[in-house]
Amino acid sequence: MKLKKSFLLCLLLWSWSVTLSGQNVFFNEIDQLNPDLCVELAAGPGEDLTGWSVTTYNDVGVALDTVSLTGVPPSTTTPSGFNIIEVDIVLLTPTSGGMSLVDDNDNLIQFISYTDELVAVDGPAGGQTSENIGTQTANGNSLQLQGVGFEYGDFTWGIPGDANCGAVNDDQDFLALSALPVELLYFRAIPASEVIELEWATASEIDHAFFSLERSADGVNFIELESFSASANSYELKTYQYRDASPLANANYYRLRQEDLDGRITYSETVVVVFEPSISIISIYPNPVKDELKVRLPDSDQTTEIVLYNLIGQEQYRNYLPASQAVEVILDLQSIPNGTYLLQITNGDYRHQQQIVKGK
């Protein structure tokens, strides 16, 4: 049926730059031997630890003490916005043990141990095997994360010379999130009936001014279709949608132009959709309808199915039309009660839906 053939050639799932979707609340330093025992966390910018908790474990995996992180103030805030937080908790088994980190939805975020690997018997990590972060070698030093990055996976556990609880660790640097203005989770273009639906989502937006959605016929010369304002800073999932109601015949190239508050401009990669418009348009009339609904269909080289459903999905009418040239079909709706219905026309991979109102 020459209604429309649309082919999605490219659907890209990518990050604008380095992805920051990993763990950004984590244990950052453990001092298990010094007189002033220490448990320290690092929390990324905007992270609210209300409802979070830390539970300690002994050397055989039994849960001991749980401390709430609600209202615990940071000891240090780095220039990049990470908070360094000391947890007031007693390590009852300082030579060997572990601890878990749980978020406000009771999800186990982290289960670590020092000296030996543990399998938790009970508590929030029950049944889980710990990540063994190493063994502290002497009083005065501590187990610390070292490295450069944004999230737990960017760092490695080491044993520096000096314990440093409440401050950024030796040989550790938290990069500024502002270096990555937008974390784009996906950008896609989807053919739908006679339009193209575009949608994208971001996991974070830092110093972000706006998006411009642009289209091109050749992939080189772009024009703006729409501009989308943004919250300057967001650390939550944000979704965007746009309907291109007048796509170009053949190739449609789409990209996002992202501008920061400081005027810096970044472009997404390009998605392309090949769009072949209808040779003729489906006509459905009159609507509202009293007794007879007329449906005019374009040329078809396949069987066409016409089905009418009520709003709870019950079938009210069905008809099959063989392959033919353009044809007008009359649907007799006299026996159908007044109300609102959904008319669905299917031909091969093509599907058209339209709401129909039957009245007196």
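For region 76-109 versus region 29-68, the inter-centroid distance based on Cα atoms is 3 Å.
Cross-link partners of Lys290 among aspartates and glutamates, defined as those whose alpha carbon lies under 19 angstrom from its own and excluding same-chain residues fewer than eight positions apart: Glu315, Glu328, Asp332.
Pulled fully out, how much extra length does the chain show between Ile312 and Asp59, if you take 0.36 nm times their separation in residues and subtract their Cα-Cα distance? Extra length from Ile312 to Asp59 when fully extended: 85.2 nm. Separation of region 111-187 and region 317-360, taken as the distance between their Cα centroids, equals 62 angstrom. Out of every Cα-Cα pair that region 25-177 contains, those further apart than 19 angstrom amount to 49 percent.
Between Glu305 and Ala167, the modelled label-to-label distance comes to 7.1 nm, taking each label 7 Å out from Cα in the direction of the beta carbon. Computed from the C-beta positions of Glu197 and Ser96, the FRET efficiency with R₀ = 56 Å rounds to 0.50.
How would you classify region 252-352 from its alpha-carbon gyration tensor, with a ≥ b ≥ c the square roots of the eigenvalues: rounded for a/c under 1.5, else prolate if a/b is greater than b/c, otherwise oblate? Here region 252-352 falls in the prolate category. Taken along the Cα-to-beta-carbon direction at a fixed 7 Å, the label points for Gln146 and Arg351 span 5.8 nm.
Rounded to the nearest 0.05, what FRET efficiency do Thr340 and Thr239 have when you use their Cβ-Cβ distance and R0 = 35 Å?
On the way: r = 29 Å, r/R0 = 0.82.
Plugging the Cβ-Cβ distance into 1/(1 + (r/R0)^6) gives 0.75.
What FRET efficiency do you get for Ile109 and Asn221 if R0 is 41 Å and r is their Cβ-Cβ distance, rounded to the nearest 0.05? Present the calculation step by step, with values, prior to reporting the outcome.
Numbers: r = 48 Å, r/R0 = 1.17.
My answer for the efficiency is 0.30.
Just so you know, all these numbers are worked out from the coordinates, no wet-lab data involved. Quick caveat: nothing in here was measured; it's all calculated off a predicted structure. All Cβ positions, glycine included, derive from the backbone under ideal geometry; neighbour counts span all protein chains shown.
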